1. Only one of B:336, B:371 is open to solvent by less than 10 Å² (accessible area, probe 1.4 Å), under 28 Å from residue A:365 (Cα atoms), under 17 Å from the mean Cα position of the chain (by Cα) and within 12 Å of chain A (Cβ to nearest Cβ); which?
2. Looking at the stretch A:379-412 only, could you name the residues that are among the β-branched types (Val, Ile, Thr) and under 24 Å from the mean Cα position of the chain (by Cα)?
3. Do we find that residue B:13 is surrounded by 19 or more Cβ atoms within 10 Å (Cβ to Cβ), over 17 Å from the mean Cα position of the chain (by Cα) and within 30 Å of residue A:343 (Cβ to Cβ) in this structure?
4. Taking the criterion of being closer than 30 Å to residue A:412 by Cα, at pLDDT below 90, under 24 Å from the mean Cα position of the chain (by Cα) and small (Gly, Ala, Ser), would at least one residue in the stretch A:76-90 satisfy it?
5. Residues being part of a loop (DSSP other than H, G, I, E, B), buried (at least 24 other Cβ atoms within 10 Å of the Cβ) and either more than 8 Å from chain B (Cβ to nearest Cβ) or free of Cβ contacts under 8 Å to residues at least 24 places away in the same chain (or both): count how many of those fall in the stretch A:363-384.
6. With the checklist (1) over 15 Å from the mean Cα position of the chain (by Cα); (2) open to solvent by less than 10 Å² (accessible area, probe 1.4 Å) in hand, flag the one item residue A:266 doesn't pass.
7. Take residue A:315 and tell me if it is in contact (Cβ under 8 Å) with a residue 60 or more places away in the chain and of a type outside the set (A, V, I, L, M).
8. Being acidic (Asp, Glu), buried (at least 20 other Cβ atoms within 10 Å of the Cβ) and touching a helix residue (DSSP H, G or I) at 6+ places or on another chain (Cβ under 9 Å) is the filter here, so list the residues in the stretch A:131-176 that pass it.
Amino acid sequence: MIAKTKRVSDYKQLNKELPTLRYVDPEYVYINLTTNRCEEYRLDVKKGDYVKLGQILGERDGCFFKQPIYATVSGHIEDKVTKIDGTGIEVECITIRNDFQDTYDETITDRPENVIEHLTQKEMVDIVKEKALVGLGGSGFPTYIKLATEEKIDTVVINAIECEPYLSSDYRLIKDQPDEIFNGLKYIMQAVNAKQGIIAVKKTKKELIEVLENEQKRFQDLNIKIAKLGDYYPQGWEIETFKNATGIKVPIGDLPMKHGLLGFNVSTTESIYEAIKHNLPVTKRFVTVNGDGVKFPQSIRTRVGTSVKDLIKLSDGFVEDAGNIEIVIGGPMMGSSVKNDDVIITPTTTSVLVFKSVDYKEEPCVRCGSCVYSCPVDITPVSIMNAVKRNDKEAIKDLSANKCIECGLCAYVCTSKIHVTDYVRKGKSLIG
Amino acid sequence: MKIVEKSAPHLRKPNASVVRMMRDVVIALMPLVIFAIYNHGLDAVVILAAAIGSMVGTEYIYYQIVDYVKRDRTKHEEIKDKIAGFNKQIETAKAAYQEDSNQELYDETVEKLKAEIRKAKDELRAYKQASTKEENKRFHLFNRNFTLYNYSILVSGIIFGLTVPDSTHFMIVIIGGVAATLLVKMIFGGMGQNIFNIAGFARAFIALGFGAAVGVSNHLPVQDDGSAGATVLGSLTSNPFTEPSTFSIWDMFSGIGFPGAIGEASALLILAGALYMFVRKSFDVFVPLVYVGTVFVLSTAVMVQQDIGWWYPMTHIFSGGLLFGAVFMATDPITIPVTRPGRVYFAFGLGVITFVIRLFGQYPEGVVFAILIMNMFVPAIDYAKWSKNKFSLKSSLIFSAVILLTIFAVWVGASNV
């Protein structure tokens with residue numbers, strides 16, 4: 001206990017080897033019009049209109065960028081409704097009634113390989129921007145901003161770590177579509193003119209390494225390496241992945257581009273491939289439905305805009321004697337819990353976890369130091385907690401609470417079951 | 001079934017708990033308790049019972065009083081107020097009767113009010129009866145704040161008992177236990193809030209308050225007359241650089257038939273306990289390592305300076321309470337810094353103070369004093385402006401310089417003893 005904790009219990013064995021269920025045809029899909037970054041929107045279609053898959057429905061308007069809204073099925077537009085998105089906030093959605101035809105919009109056409117070969121960085125950025133790609137690891141950061149970097153990029157790192165327990169959507173993606181991932185990486189390297197590409201994967205995931213190494217043979221001419229990294233949490237944190245995959249230490253707060261590094265999540269890479277090759281926005285993704293509160297945990301390949309209610313129904317519903325349950329969108333360590341199951345799958349939703357809620361008995365802090373030893377950014381969570389309790393802003397600043405990445409390890413390891421992460425989060429917001 | 005919202009993380013480490021940590025300390029202490037009873041017989045039983053009983057009892061009584069004072073009395077107060085109101089009305093009626101002498105009206109009013117009072121009293125009785133199980137209960141056998149459930153007060157009690165020399169009267173032990181629990185633990189706000197090590201404070205309290213009465217009598221060498229100065233550390237105090245002839249290093253290591261505090265004798269069992277806690281990760285192994293290491297380095301320096309044998313550092317490590325204090329008292333997480341560098345500085349300070357007290361001082365309780373002195377520096381070590389989670393190059397360099405300076409100071413000091 002009073003030692004560095006690096007592992008978070010992994011229950012993925014539950015469903016890793018189950019076949020992925022394909023649930024790409026829900027009757028209704030709900031496309032969110034607003035996000036936590038964009039609160040304004042413009043809608044170009046009205047109720048009753050027929051829309052095609054990949055058609056632009058309107059435009060989200062953030063403070064510094066605009067994002068087209070795409071239909072992910074073909075069908076008829078119905079009412080506007082309010083649902084919850086993966087971050088737990090209420091968003092306005094437009095309902096599309098699926099006609100199960102998957103009629104593609106006219107703009108969705110494949111680009112031939114010889115055209116792609118001559119695409120410049122600017123053209124690729126325009127495609128990615130137009131297809132509204134965002135970081136699919138959960139951040140939702142617009143991809144085109146990263147891709148449009150003017151720094152000299154030496155290495156592109158594809159993050160296939162997926163270090164949080166319970167999740168297996170990236171795992172399924174790599175197993176099913178390694179070719180798309182390698183091609184996506186190829187396009188990124190072409191866009192930023194990088195010499196080297198690295199796919200970072202956990203060394204314990206033997207099956208994935210096998211799949212990737214097999215695929216590597218087709219891309220001999222490119223300098224692509226597979227980095228096998230240690231299986232610990234938070235290995236998937238960008239800076240940790242960079243450090244272990246390339247040996248370059250990016251200081252917290254610095255942009256990795258300045259150090260010649262560019263990182264993409266593996267799902268994002270796949271979506272870049274789809275955008276450039278097939279001119280498609282993100283319409284489908286892998287979602288893990290897992291946890292001890294759901295009867296049949298499984299991976300589902302589903303349409304963006306599907307209701308989480310449908311997915312839970314597909315997994316045989318909640319277990320009966322659950323008592324209170326938590327629904328978590330994202331990983332168990334960093335994901336956000338939502339207030340009801342009226343949630344939609346957005347491109348950034350990696351998983352739906354249903355847990356039986358446990359109320360831990362909180363004891364007084366005995367200063368055992370587990371949180372201090374386990375902190376990946378080397379701050380002292382317990383001191384920050386005490387500073388927050390006495391509202392000592394100067395001390396919070398001195399303890400560099402702003403470095404915290406909210407990985408949740410401090411609360412995870414706490415011997416007194418205190419929610420230390422909440423205190424540190426509060427400290428961060430206190431010092432702004 | 002209800003969907004509840006909580007903030008991340010949604011998992012907790014399954015086997016991390018304070019109860020487990022404290023229980024491990026109790027388990028690690030058990031061989032020492034048994035060995036103490038084997039070595040000292042009834043004396044050890046009485047001392048341990050007094051130490052544990054006084055600490056556990058004090059905490060129990062304290063929390064019972066706190067609960068009694070804080071219990072919910074609103075309903076009681078309400079009914080009592082009502083009765084007082086009726087009594088006041090009777091007074092008013094009496095005053096009115098004295099003025100107008102209307103016997104009939106007076107009797108009627110008083111009768112009515114007395115009936116009201118009876119009703120209120122019945123209500124109070126009914127309320128008391130109805131709520132004997134719940135909030136009105138004056139006595140809870142199991143107090144929710146009482147820390148016996150997580151073994152924390154039990155650990156303090158056992159550790160205190162084991163540090164007491166065998167011929168100490170049990171009343172002294174009880175006074176120490178009560179004083180330490182009240183002054184160090186309860187007044188600061190209970191578990192997790194104390195600044196000083198509870199057991200250490202208790203031990204220092206009886207050492208300073210009762211001096212000669214806290215003594216060793218069993219297993220003393222025959223040629224001595226039974227004074228406290230006859231233990232190994234005692235003889236080192238009078239002749240600092242002469243090897244104590246009566247006990248071999250093996251005697252000190254095994255602890256069999258060795259004079260001293262009842263539980264500190266056997267280095268072997270202390271190390272076994274330390275190994276158990278290390279395997280279970282229930283204590284920070286760096287603290288005892290650095291602490292004992294510091295004493296070893298400093299005593300080796302003195303050994304070289306005085307040109308004497310290896311018995312000198314060995315005697316320092318295996319005699320007195322050093323190992324016991326390093327393993328069980330200096331690792332009490334509540335009273336030590338939270339960061340690894342902080343714990344290293346803390347343990348280094350312990351080693352230096354212990355050695356300095358042993359080399360230049362008169363008290364045999366060097367370890368306990370060192371722990372209490374360093375406890376006072378914990379807030380300073382943990383101060384937000386300079387407390388760091390990891391060693392930096394600069395801090396390592398400064399720390400190395402401090403170590404060298406300390407060795408130099410001890411060297412110079414030893415040549416002038």
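1. On the way: B:371 fails: within 12 Å of chain A (Cβ to nearest Cβ).
Result: B:336 is the single residue among B:336, B:371 that is open to solvent by less than 10 Å² (accessible area, probe 1.4 Å), under 28 Å from residue A:365 (Cα atoms), under 17 Å from the mean Cα position of the chain (by Cα) and within 12 Å of chain A (Cβ to nearest Cβ).
2. Of all residues in the stretch A:379-412, those among the β-branched types (Val, Ile, Thr) come to A:379-380, A:382, A:384, A:388, A:396, A:405.
Answer for the stretch A:379-412, where residues must be among the β-branched types (Val, Ile, Thr) and under 24 Å from the mean Cα position of the chain (by Cα): just A:405.
3. Values: surrounded by 19 or more Cβ atoms within 10 Å (Cβ to Cβ): yes; over 17 Å from the mean Cα position of the chain (by Cα): yes; within 30 Å of residue A:343 (Cβ to Cβ): yes.
Yes; evaluated as a whole, the condition is true for this residue.
4. Yes, because at least one residue in the stretch A:76-90 is closer than 30 Å to residue A:412 by Cα, at pLDDT below 90, under 24 Å from the mean Cα position of the chain (by Cα) and small (Gly, Ala, Ser).
5. 1
6. Exception for residue A:266: condition (1).
7. So residue A:315 does not fit the description; no.
8. From the stretch A:131-176, those acidic (Asp, Glu) are A:150-151, A:154, A:162, A:164, A:170, A:176; that's our starting set.
Now drop any that are not buried (at least 20 other Cβ atoms within 10 Å of the Cβ), which leaves A:162, A:164, A:170.
Hits for the stretch A:131-176 are A:162, A:170.
The values are calculated or read from the model by the stated rules, or taken from the named source; none is laboratory data. What you see is a predicted model; the values in this text were computed from it and never measured. For neighbour counting, all protein chains shown are included, and Cβ atoms are generated from backbone atoms with ideal geometry for every residue, glycine included. What goes into the accessible areas is simple: the full protein's heavy atoms, side chains included, and nothing from ligands, DNA or RNA. Shrake-Rupley method; radii C 1.70, N 1.55, O 1.52, S 1.80 Å.
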